[in-house]
Ligand code: HEC
Ligand code: HEC
């Protein structure tokens with residue numbers, strides 16, 4: 001929640017309609033939204049395609065005027081930077097901490113624009129000591145490495161943990177008098193192979209994914225001759241409360257954009273809200289605001305300024321345009337055929353169709369997501385030992401590949417920036433995770449992608465390049 005919401009809304013509206021290549025906009029946003037993206041063609045290993053993806057990112061086509069206004073309002077909330085009580089210059093949002101990983105949604109979801117993934121330069125380094133904070137920076141957080149969120153695999157007594165342990169605390173900040181809490185001992189956790197990492201997933205086109213009926217996802221679970229021959233199965237993750245399919249996050253662990261946003265607000269930034277109203281750390285001296293810190297503003301004079309931040313985040317993400325692929329070339333067209341022929345498309349389903357949903361722009365649309373949204377056993381090499389919903393330690397959602405050409409870091413932990421390595425990492429025989437890699441001591445079945453990766457390795461140099469060019473064009 002911010003006192004400056006109105007100014008921000010106007011500011012955001014200006015940005016949405018700003019021209020690509022226009023002058024940088026002033027303001028508190030951590031990344032230049034809708035400005036030109038990186039224009040480097042990633043070369044042989046794919047990478048940012050510099051095509052239309054690099055341009056402005058507006059709302060999805062076909063929204064009503066009122067929906068566009070809501071999108072713009074949501075964008076301003078997504079860009080907002082939080083401090084403990086809203087008193088830090090440039091950080092008018094209220095509710096940061098006591099523990100946090102960053103101070104804005106758009107800071108982590110930054111590349112190639114707000115809603116995206118990890119930016120090239122990690123914003124977690126400056127925030128560690130911002131406004132007097134005294135945090136030390138764990139060695140796995142690097143200036144040119146991905147934004148990382150840490151989960152611990154086990155509790156000290158050996159029982160499963162799996163929860164997010166925030167990197168930083170507000171201790172020492174000028175707006176956090178009286179709060180004295182220590183950061184978790186990350187060095188020990190890493191040494192014990194007990195820390196695993198997750199990087200941000202992008203939310204471009206997320207409203208279309210949210211609008212897929214369960215029946216569309218289930219139709220894809222049916223086996224076919226190619227799946228059977230390749231050993232590919234896959235199953236949906238489900239919500240324990242209403243039983244429907246969950247689909248957001250690396251393990252398809254979350255039901256909706258609003259729930260994900262509410263959870264992220266409390267977990268990543270420490271901002272309590274109407275969905276997650278309880279502080280995760282209630283140490284005396286560290287809770288400086290009444291809860292929930294973000295809430296519906298009952299004294300607002302306009303509808304848009306009355307909505308909570310979590311409502312705004314959900315609207316922004318729901319209406320954010322899907323990634324636009326680069327124009328097809330002869331090579332990328334051959335690559336698309338190979339993608340289907342060798343079986344990548346059995347997990348990375350090229351498209352599904354949305355159901356009849358309230359917003360006409362999202363209703364009965366083809367979604368070119370390149371994912372089946374199902375969980376697959378990916379073998380001990382990728383396993384992170386964390387269970388979420390039905391997803392076991394080695395199961396992950398087929399990552400939606402739309403927009404891939406604009407991502408800088410690949411796989412759930414951002415372990416590589418090399419597309420070929422990301423594909424090769426899909427394969428591993430049954431057994432335990434490699435020495436020195438979390439989690440240890442547990443055995444997993446072989447990866448469902450083994451046969452497909454074997455076929456990938458058998459491609460000629462030209463065919464490999466065609467496939468990489470196709471991926472880079474997404
Ligand atoms: C510290 C970095 C960080 C911040 C800040 C952050 N996120 Fe994320 N976000 C992540 C990571 C990491 C994931 C993947 C989480 C996982 O699956 O374990 C993610 C995933 C998501 C997803 C799931 C998208 C998909 O399809 O998988 C949504 C939605 C989301 N974030 C929304 C938000 C919103 C809204 C905010 C602001 C309240 C926010 N995030 C703030 C790091 C961050
Ligand atoms: C058995 C299902 C399956 C098959 C087959 C498969 N993938 Fe994947 N893919 C996944 C899953 C699951 C992930 C996420 C794994 C993780 O992050 O740990 C993923 C992730 C990726 C990523 C990284 C995306 C990102 O945002 O980091 C790329 C690139 C990719 N796959 C390309 C391919 C290509 C190319 C093929 C064919 C050679 C292929 N995949 C075959 C399931 C599959």
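The values are calculated or read from the model by the stated rules, or taken from the named source; none is laboratory data. Bear in mind the structure is a predicted one, so any value in this text is a computation, not a measurement. Counting neighbours? That spans all protein chains shown, and the Cβs are built from the backbone with ideal geometry, glycine included.
Brief remarks on what is shown
- Meets criteria (crowded, with 18+ Cβ neighbours inside 10 Å, over 18 Å from the mean Cα position of the chain (by Cα), more than 16 Å from ligand 2 (Cβ to nearest atom) and not in a loop (DSSP other than H, G, I, E, B)) for residue 189: yes
- Residues in region 196-214 that are away from ligand 1 (no atom under 16 Å from the Cβ) and in contact (Cβ under 8 Å) with a residue 40 or more places away in the chain: 213 alone.
- Residue pairs meeting the criteria (Cβ under 7 Å; at least 6 apart or on separate chains; first at positive phi, in region 395-406; second within 11 Å of ligand 1 (Cβ to nearest atom) and not in a helix (DSSP H, G or I)): 403/202; 403/204
- When every residue of region 153-165 is checked against the conditions, at least one turns out to be crowded, with 18+ Cβ neighbours inside 10 Å and part of a strand (DSSP E or B).
- Of the listed requirements (1) under 30 Å from residue 61 (Cα atoms); (2) more than 16 Å from ligand 1 (Cβ to nearest atom), residue 434 misses just one: (1).
- Listed by position, the helices (runs of 4 or more DSSP H) inside region 54-143 whose residues that are modelled with pLDDT of 95 or more and over 30 Å from residue 177 (Cβ atoms) number at least 1 are 65-79.
- Selection status of residue 40, modelled with pLDDT under 95 and either in a loop (DSSP other than H, G, I, E, B) or under 27 Å from residue 262 (Cα atoms) (or both): yes
- Residue list for region 114-126, filter: farther than 15 Å from residue 140 by Cβ and either surrounded by 24 or more Cβ atoms within 10 Å (Cβ to Cβ) or in contact (Cβ under 8 Å) with a residue 60 or more places away in the chain (or both): 114, 115, 116, 117, 119, 120, 123
- Among the residues listed as 406, 442, the single one being over 27 Å from residue 218 (Cβ atoms) and within 23 Å of the chain's Cα centre (by Cα): 406
- Any hit, region 216-233, residues being farther than 30 Å from residue 354 by Cβ and part of a helix (DSSP H, G or I): yes
- The set of residues in region 331-360 that are touching a strand residue (DSSP E or B) at 6+ places or on another chain (Cβ under 8 Å), in contact (Cβ under 8 Å) with a residue 60 or more places away in the chain and more than 15 Å from residue 227 (Cβ to Cβ) comprises 352, 353, 354.
- First in region 260-277 and within 15 Å of residue 311 (Cβ to Cβ), second anywhere and more than 10 Å from ligand 1 (Cβ to nearest atom) and in a helix (DSSP H, G or I), Cβ under 9 Å, 6 or more apart: 261/311; 274/311
- Identity of the residue in region 340-368, surrounded by fewer than 17 Cβ atoms within 10 Å (Cβ to Cβ) and closer than 20 Å to residue 236 by Cβ, that ends up nearest to the chain's Cα centre (by Cα): 351
- Residues that are within 13 Å of ligand 1 (Cβ to nearest atom) and crowded, with 20+ Cβ neighbours inside 10 Å do occur in region 222-238, at least one of them.
- Test: residue in region 169-179 that is crowded, with 20+ Cβ neighbours inside 10 Å and in a strand (DSSP E or B): yes
- Check on residue 233, touching a residue at least 60 places away in the same chain (Cβ under 8 Å), over 30 Å from residue 88 (Cβ atoms) and within 16 Å of ligand 2 (Cβ to nearest atom): yes
- The residue that is surrounded by the fewest Cβ atoms within 10 Å (Cβ to Cβ), among those in region 239-268 that are within 16 Å of ligand 1 (Cβ to nearest atom) and at positive phi, is 249.
- Segments classed as helices (runs of 4 or more DSSP H), wholly inside region 293-360, with at least 2 members that are away from ligand 1 (no atom under 16 Å from the Cβ), in contact with a helix residue (DSSP H, G or I) (Cβ under 8 Å, 6 or more places away or on another chain) and at pLDDT 95 or above: 303-306, 330-341
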